[in-house]
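Structure in structure tokens, see below.
The values are calculated or read from the model by the stated rules, or taken from the named source; none is laboratory data. Given the structure is predicted, the values throughout are model-derived calculations rather than measurements. We place every Cβ from the backbone using ideal geometry, glycine too, and count neighbours over all the protein chains shown.
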Amino acid sequence: MSRIFLQLTVFQIAIWLTMLIVIRLVFIFIYIPMSVITENLPHLPLALRNIVRFDSQVCAYAAVPLLLLGLPLLVVANKRLCRFFTVFTQWYSMVVVMAITLLGCVDLGFYHNFGSHINSTFFDFFKEEPLSLIESIWNEYPVIRMIAIIIGCLWTTWRVNSLLIKNLNITEHCE
């Protein structure tokens, strides 16, 4: 059972890390000219190392609830606990993927409008009156596209998790 628990947790971290890398690649292809990349080619390995280090830290922090919740599975092989952990992992992964995708889309839109990543200026939006804020977001951000991307990412994550649970035979190990 402990092997299944660790495999499921590591796979969730891999999904999250993949999402973060995809968002970074989208940013690079949209906003960074190829000439800038070729000029700074010697610095690319250091930049990639920092990217992977930061994204790994984000994924590690996101995995803490899974690891803490899964600790009893290492000691007690309980059918109900196993099923609860499996369902919780699937739903928790969806929440993390939604947060990553939403923040990634918002950051891309913010960069498009202001030429910098999300910073303290972003939070000044919330000081405006709510109706003005909603109108501004609707007009300046591709809201429908963002919602479609988030739904697509959530559906893909759900399908991948379902296939993982099926292929790891987690339901059989819970019995």
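When you look at ARG83, is it over 27 Å from ASP107 (Cα atoms), among the charged types (D, E, K, R) and surrounded by 14 or more Cβ atoms within 10 Å (Cβ to Cβ), yes or no?
yes
Considering only residues that are of a type outside the set (Ser, Thr, Tyr), surrounded by 15 or more Cβ atoms within 10 Å (Cβ to Cβ) and not in a helix (DSSP H, G or I), look in the stretch 139-175 and name the one that is modelled with the highest pLDDT. Steps first, answer last, please.
Initially, the stretch 139-175 is screened for residues of a type outside the set (Ser, Thr, Tyr), giving 139-140, 142-155, 158-161, 163-170, 172-175.
Next, only the ones that are surrounded by 15 or more Cβ atoms within 10 Å (Cβ to Cβ) stay: 146, 149-150, 153-154, 158, 160-161, 164-165, 168, 170, 173-174.
Within this subset, residues satisfying the condition of being not in a helix (DSSP H, G or I) are 168, 174.
Numbers: LEU168: 75, CYS174: 64.
Applying the filter and picking the extreme gives LEU168.
Can you spot a residue in the stretch 50-58 that is in contact with a Leu (Cβ under 9 Å, 6 or more places away or on another chain), charged (D, E, K, R) and part of a helix (DSSP H, G or I)? Walk me through it before giving the result.
Step one: of the stretch 50-58, the residues in contact with a Leu (Cβ under 9 Å, 6 or more places away or on another chain) are 51-52, 54-56, 58.
Subsequent filtering for residues that are charged (D, E, K, R) retains 55.
Filter again for part of a helix (DSSP H, G or I), leaving 55.
Yes, some residue in the stretch 50-58 is in contact with a Leu (Cβ under 9 Å, 6 or more places away or on another chain), charged (D, E, K, R) and part of a helix (DSSP H, G or I).
For the condition more than 30 Å from ALA148 (Cα to Cα) and of a type in the set (A, V, I, L, M, F, W, C), what is the one hit in LEU71, LEU20? Working first, answer last.
Values: LEU20 fails: more than 30 Å from ALA148 (Cα to Cα).
Every option except LEU71 fails the conditions.
Do any residues in the stretch 59-76 that are closer than 16 Å to GLN12 by Cα have Cβ atoms under 7 Å from those of residues that are surrounded by 12 or more Cβ atoms within 10 Å (Cβ to Cβ) and among the β-branched types (Val, Ile, Thr), where the two are at least six apart or on different chains, and which pairs are they?
Matching pairs, first to second residue: CYS59/ILE13; ALA62/VAL96; ALA63/THR9; ALA63/ILE13; LEU66/THR9; LEU66/THR89; LEU67/THR9; GLY70/THR9.
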